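Q: The structure's right below; bear with me while I get my questions together.
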Amino acid sequence: MRPSIRNSVSLDSHARFQIEDVAKAGLPVTNVIVVADGDAEKAWMEAVTSKIGDWRAFVRSVYIRWAITINAMHVAEARYRNQPLALTVNTLRMENGTLGNKLLKAWPGPEAADAYAQGLSLIPAYAIVDLYGALEEIVFDFYEVYLRHHPKPLLEGAEFRELRRLHARRNSSADAEAEWRSAWDVRFEKWRRKRSYDSLYAVFRALFVEAGLKRPQHFKDTDLADWCRTIEMVGELRHLITHGEAVASKKLGELSTGKTRATFDFKEGEEIRVLLHHVQGVELFADQLLTTINISICEKAWGEAWTPPADLI
């Protein structure tokens, strides 16, 4: 799903005027793209901020897909509970050497409604797992872009001598650039597989610090440690869901408190009941985290004197 770029604005040294032009056109500014304009240090900033619109659309599409599913389950439950209908489920079976459809289960209306209600209790949990996966993709995509422009940490050591040689001569020809790109892709994937064993919040924290990013100047209540705590909280819920745990862990209970809990309200030892508002909270956090990254990069590029457009604050 490719998002429209109409809610993004690319900014260079004339940033203020371009934002005003977009505002006059009646369009909200939801992403600000830093234009490197020949500045090598800003190249990674342009690359990352150019992706934020896609990342927003990615998270939004994941959330919408599950929200539609949840709504459809509610509608189906009400339909079968209020009307004299029967629900049948077919599957494929081999009979006498022939593959065909076979009735697997049939429910009268009230039982069908109960079946939908039972299935509905699982859907928000699957949505949490999917949204956490989206966050993971975004963090590692961000990290790959940054490291591509600052590859030194992944080139150190005797085993990467040849990789350093390819990097040094990458601009000598198109073939050299292609050879470097291919070798880099292999190196990054190995690094990513290794880092994927680390907690996502730790990976995000390392990336934020390594990139030299800071809390946006207008933020008063939260900082990097708080955002990492929220990622850790979502990760803990995802861990419990994927391992089939029925009750909240001590860790999830502790994380589901305070200003970083989003919409989470889980308590240690109590049944884990994931509801729509939990899914909404994760989508909201992802959207706010992308805004945080966007503003932080802009302030790094232009200094804290730069003021974000009202739509982003």
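The values are calculated or read from the model by the stated rules, or taken from the named source; none is laboratory data. Note that the coordinates shown come from a computational prediction; the quantities given were computed from them, not determined experimentally. Cβ coordinates were reconstructed from backbone atoms using ideal geometry, including for glycine residues, and neighbour counts include every protein chain displayed.
Q: Which pairs have Cβ atoms under 9 Å, sit 6 or more apart or on different chains, and link a residue in region 219-237 that is among the small types (G, A, S) to one that is at pLDDT 95 or above and buried (at least 19 other Cβ atoms within 10 Å of the Cβ)?
A: Every condition considered, the pairs that remain are G235/Y132; G235/L135; G235/L200; G235/Y201.
Q: Return the only residue of Y201, Y143 being buried (at least 18 other Cβ atoms within 10 Å of the Cβ), within 18 Å of the chain's Cα centre (by Cα) and farther than 22 Å from K251 by Cα.
A: Y143 is the lone residue from the list that is buried (at least 18 other Cβ atoms within 10 Å of the Cβ), within 18 Å of the chain's Cα centre (by Cα) and farther than 22 Å from K251 by Cα.
Q: Hey, can you tell me all the residues within region 99-140 that are of a type in the set (V, I, T) and either loosely packed, with under 15 Cβ neighbours inside 10 Å or within 22 Å of S199 (Cα to Cα) (or both)?
A: Once the filter is applied, which keeps residues that are of a type in the set (V, I, T) and either loosely packed, with under 15 Cβ neighbours inside 10 Å or within 22 Å of S199 (Cα to Cα) (or both), region 99-140 yields I128, V129, I138, V139.
Q: The conditions are (1) under 21 Å from T69 (Cβ atoms); (2) without any contact (Cβ under 8 Å) to a residue 24 or more places away in the chain; (3) not charged (D, E, K, R), and G253 fails exactly one of them. Which is it?
A: Result: G253 fails condition (1) only.
Q: Still on this structure: What helices (runs of 4 or more DSSP H) lie completely within region 1-99 and have 1 or more residues being farther than 30 Å from A134 by Cβ and at pLDDT 90 or above?
A: Qualifying helices (runs of 4 or more DSSP H): 52-82.
Q: Across region 109-125, which residue is modelled with the lowest pLDDT among those that are within 16 Å of A246 (Cβ to Cβ) and assigned to a helix (DSSP H, G or I)?
A: Among residues in region 109-125 that are within 16 Å of A246 (Cβ to Cβ) and assigned to a helix (DSSP H, G or I), the one modelled with the lowest pLDDT is Q118.
Q: Please determine, by comparing only the residues of region 226-254 that are farther than 20 Å from D287 by Cβ and of a type in the set (A, V, I, L, M), which one is surrounded by the fewest Cβ atoms within 10 Å (Cβ to Cβ).
A: Once the filter is applied, the top-ranked residue is A246.
Q: Does L213 meet the test of being of a type outside the set (S, T, Y), surrounded by 16 or more Cβ atoms within 10 Å (Cβ to Cβ) and outside any helix (DSSP H, G or I)?
A: yes
Q: Shifting gears a bit: Could you say which residue among E137, E156 is of a type outside the set (A, V, I, L, M, F, W, C), modelled with pLDDT of 95 or more and on the phi < 0 side of the Ramachandran plot?
A: E137
Q: Look through L213, L284 and report the one residue that is within 17 Å of the chain's Cα centre (by Cα), modelled with pLDDT of 95 or more and within 26 Å of L312 (Cβ to Cβ).
A: Step by step, each of L213, L284 is checked, and only L284 is within 17 Å of the chain's Cα centre (by Cα), modelled with pLDDT of 95 or more and within 26 Å of L312 (Cβ to Cβ).
Q: For region 69-76, check the following and say yes or no: at least one residue is more than 28 Å from S199 (Cβ to Cβ), surrounded by fewer than 13 Cβ atoms within 10 Å (Cβ to Cβ) and not basic (K, R).
A: Yes.
Q: Would you be able to tell me the number of residues in region 118-173 that are within 27 Å of F264 (Cα to Cα) and of a type in the set (S, T, N, Q)?
A: 2
Q: Another one. Give all pairs with beta carbons closer than 8 Å in which a residue from region 196-215 that is more than 20 Å from I297 (Cα to Cα) meets a residue that is surrounded by fewer than 13 Cβ atoms within 10 Å (Cβ to Cβ); count only pairs at least 6 apart in sequence or on separate chains.
A: Short answer, once both residue conditions are applied: none.
Q: Then there's this: Any residue at all in region 160-178 that's of a type in the set (S, T, N, Q) and in a helix (DSSP H, G or I)?
A: The answer is no, given that none of the residues of region 160-178 is of a type in the set (S, T, N, Q) and in a helix (DSSP H, G or I).
Q: Could you say whether any residue in region 141-150 is touching a helix residue (DSSP H, G or I) at 6+ places or on another chain (Cβ under 7 Å), free of Cβ contacts under 8 Å to residues at least 24 places away in the same chain and either on the phi > 0 side of the Ramachandran plot or of a type outside the set (A, V, I, L, M, F, W, C) (or both)?
A: no
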